[in-house]
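The values are calculated or read from the model by the stated rules, or taken from the named source; none is laboratory data. Remember, it's a predicted structure, so these values are computed and weren't measured experimentally. No Cβ is skipped: glycine too gets one built from the backbone with ideal geometry, and neighbour counts run over all protein chains shown. Heads up: the accessible areas ignore ligands, DNA and RNA and are worked out on the full protein's heavy atoms, side chains in. Shrake-Rupley method; radii C 1.70, N 1.55, O 1.52, S 1.80 Å.
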Amino acid sequence: MAVATSTGVSFELTDDQKEYRTLAHDFAEGEIRPVAAEADQQSKLPIEVLRKGWDTGLMNLHVPEQYGGAGLGSLDGVLVMEELAWGCSGIATSMEANGLGAAPVIIAGTEAQKEKYLGMLTEDFKFSAFGLTEPGAGSDVSGIQTTATLSEDGTHYVINGSKTFITNAEIADWITIFAMTDKSAGHRGLTAFIMDVKKPDGSPADGFTCEGHMDKLGQRASPTNAIAFMDMKIPVENRLGEEGEGFKIAMKTLDATRPGVGGMATGVARAALEYAMAYAVERVQFGMPIAMNQGVNFLIADMATNIEAARLLTWQGAWLHDQGKRATLQSSHAKRFAADSCMSATTDAVQIFGGYGYTKEYPVEKLMRDAKIFQIYEGTSQIQRLVIAKELMMPRG
Ligand code: COS
């Protein structure tokens, strides 16, 4: 791993990491950016771009090589995600959402589950999704209402309930869902399952419904759906871990994936900074480029410093994860700081563009809209602060 050396800390990437980052950057520049504005305006996922990404090896980054994935570490992954999101974070979110769906399987799956479900994503151009949030349970994961009842003969669970804000649900073949097997047990009653949501002919599985693509403020290319289960049957062999382990599987998943969100937020902030700098040296007011004004300089300097800091926190969270160490605290630091920095960098980029920045003629208003969700999904900035305070004052090892 690049940043660990026998003498201490190094910020030098390996040649492999630099190559992967270049591959992702070239893909973002050549394939993602050209379609980003249209995908945003039409609120439509350019699936052919994802297909090319799949062919190029830029999807399923963390699926181990033995199941056909890229087998990248967490740090390698955040490098890729920064670049893809620099191209368009809506498209990047959908490209990498398999990572969120697959993480619980990587964390808690049996060999047979891994072979079948991770293999499905790498053998064919297929999708998974992560079904945690519900209409009444977002931040409060232990408030989940979806139930899973074991059949009398013990062969399957019957699932009833609904989920919302599920990225890629409309294109997913399987979804990791979290349901209560014992409602009286609070977070210890939550269990994780792999749910097949399509029949072999591609039609929805019995008892499964998926509503259309939500009309969102930002990251509009990425489909976000509400889904519901009515007496849906899941074979018992599709349970992940034991009954009651779902809460911890969900938390471990988010520990693993939050640095990736930090990486994406860093990529969007970097795009905003680049656009703002190019505009500031070109835009003339009072007979000189606005870049000559200290007020503009200070905005640019703060954006740049925050981007550097966000990247380093993100790398640290990812690196700890690669060491097999608990990365809860650092993942929350990274996700919180990168998301908030991205929001302020994109808002300041619009400020530097002035009235033009507020129009769809220029790219920065999209970045500002896209940035907002980083402060919300995979745990709000407020939840990250709760996790940080708890990890500091009541460490759980
Ligand atoms: N890794 C492993 N175990 C963890 C853990 C982690 N990161 N975080 C908590 N746990 C364990 C605790 O050790 C505790 O275990 P015991 O039951 O053995 O004591 C249990 O899980 C409950 O932990 P805690 O009391 O901290 O849970 P809370 O309900 O107080 O808070 C928060 C949990 C709020 C941090 C959690 O619900 C959360 O992250 N919410 C945000 C969810 C989210 O990101 N939603 C967005 C949708 S996903 S796109």
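For segment 150-161, give me each residue that is within 14 Å of E237 (Cα to Cα) and either surrounded by fewer than 22 Cβ atoms within 10 Å (Cβ to Cβ) or without any contact (Cβ under 8 Å) to a residue 24 or more places away in the chain (or both).
Hits for segment 150-161 are L150, S151, D153, G154, T155, H156, V158.
Inspect segment 39-46 for any residue being open to solvent by 50 Å² or more (accessible area, probe 1.4 Å), in a loop (DSSP other than H, G, I, E, B) and among the hydroxyl-bearing types (S, T, Y) and give the result as yes or no.
No, segment 39-46 contains no residue that is open to solvent by 50 Å² or more (accessible area, probe 1.4 Å), in a loop (DSSP other than H, G, I, E, B) and among the hydroxyl-bearing types (S, T, Y).
Here are some residues: L50, L13. Which one is farther than 22 Å from T93 by Cα and open to solvent by less than 20 Å² (accessible area, probe 1.4 Å)?
L13
Results for (1) in contact (Cβ under 8 Å) with a residue 24 or more places away in the chain; (2) over 26 Å from E96 (Cα atoms), shown as yes or no for each residue.
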{"residue": "A226", "(1), (2)": "yes, no"}
{"residue": "E243", "(1), (2)": "yes, yes"}
{"residue": "T266", "(1), (2)": "yes, no"}
{"residue": "Y275", "(1), (2)": "yes, no"}
{"residue": "A291", "(1), (2)": "no, yes"}
{"residue": "F298", "(1), (2)": "no, yes"}
{"residue": "A301", "(1), (2)": "no, yes"}
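Name the residues in segment 145-158 that are outside any loop (DSSP other than H, G, I, E, B) and farther than 19 Å from V105 by Cα, would you?
Those that are outside any loop (DSSP other than H, G, I, E, B) and farther than 19 Å from V105 by Cα: T147, T149, L150, V158.
Out of A103, A172, A137, A185, which single residue is assigned by TED's automatic domain parsing to the domain that holds L58 and among the small types (G, A, S)?
A103
Please go through segment 227-258 and give me each residue that is touching a helix residue (DSSP H, G or I) at 6+ places or on another chain (Cβ under 8 Å), open to solvent by less than 40 Å² (accessible area, probe 1.4 Å) and either in a strand (DSSP E or B) or within 14 Å of the ligand (Cβ to nearest atom) (or both), ordered by number.
I227, L240, G241, G244, I249, A250, T253, L254, D255, A256, T257, R258
Just the residues that are open to solvent by 20 Å² or more (accessible area, probe 1.4 Å) and among the charged types (D, E, K, R), please, taken from segment 61-83.
The answer is E65, D76.
Name every residue in segment 315-332 that is open to solvent by less than 30 Å² (accessible area, probe 1.4 Å) and within 13 Å of the ligand (Cβ to nearest atom), in order of residue number.
The answer is G317, L320, A327, T328, S331, S332.
When you scan segment 116-144, how many residues do you find that are part of a helix (DSSP H, G or I), open to solvent by less than 40 Å² (accessible area, probe 1.4 Å) and either within 16 Å of the ligand (Cβ to nearest atom) or without any contact (Cβ under 8 Å) to a residue 40 or more places away in the chain (or both)?
2
Could you tell me which of the residues A103, A172, A148 is farther than 21 Å from S203 by Cα and within 16 Å of the ligand (Cβ to nearest atom)?
Exactly one residue qualifies, and that residue is A103.
Out of all the residues in segment 186-206, which are in a loop (DSSP other than H, G, I, E, B), open to solvent by less than 50 Å² (accessible area, probe 1.4 Å) and under 24 Å from G109 (Cα atoms)?
Within segment 186-206, V197, A205 meet the criteria.
This table checks each residue for (1) surrounded by 19 or more Cβ atoms within 10 Å (Cβ to Cβ); (2) within 16 Å of the ligand (Cβ to nearest atom); (3) touching a residue at least 24 places away in the same chain (Cβ under 8 Å).
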| residue | (1), (2), (3) |
| --- | --- |
| E361 | no, no, no |
| V364 | yes, no, yes |
| L367 | yes, no, yes |
| F374 | yes, yes, yes |
| G379 | yes, yes, yes |
| R385 | no, yes, yes |
| K390 | no, yes, no |
| M393 | no, yes, no |
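Take the residues of segment 268-289 that are among the hydrophobic types (A, V, I, L, M, F, W, C) and in contact with a Phe, Trp or Tyr (Cβ under 8 Å, 6 or more places away or on another chain): which is nearest to the ligand (Cβ to nearest atom)?
V268
Determine, yes or no, whether K335 is touching a residue at least 60 places away in the same chain (Cβ under 8 Å), within 16 Å of the ligand (Cβ to nearest atom) and over 23 Å from F298 (Cα atoms).
yes
Does Q17 meet the test of being under 28 Å from L240 (Cβ atoms), polar (S, T, N, Q) and not in a loop (DSSP other than H, G, I, E, B)?
no
Can you tell me which residues in segment 84-96 are within 18 Å of G68 (Cβ to Cβ) and either in the same structural domain as S222 (by TED's automatic domain parsing) or open to solvent by less than 10 Å² (accessible area, probe 1.4 Å) (or both)?
M95
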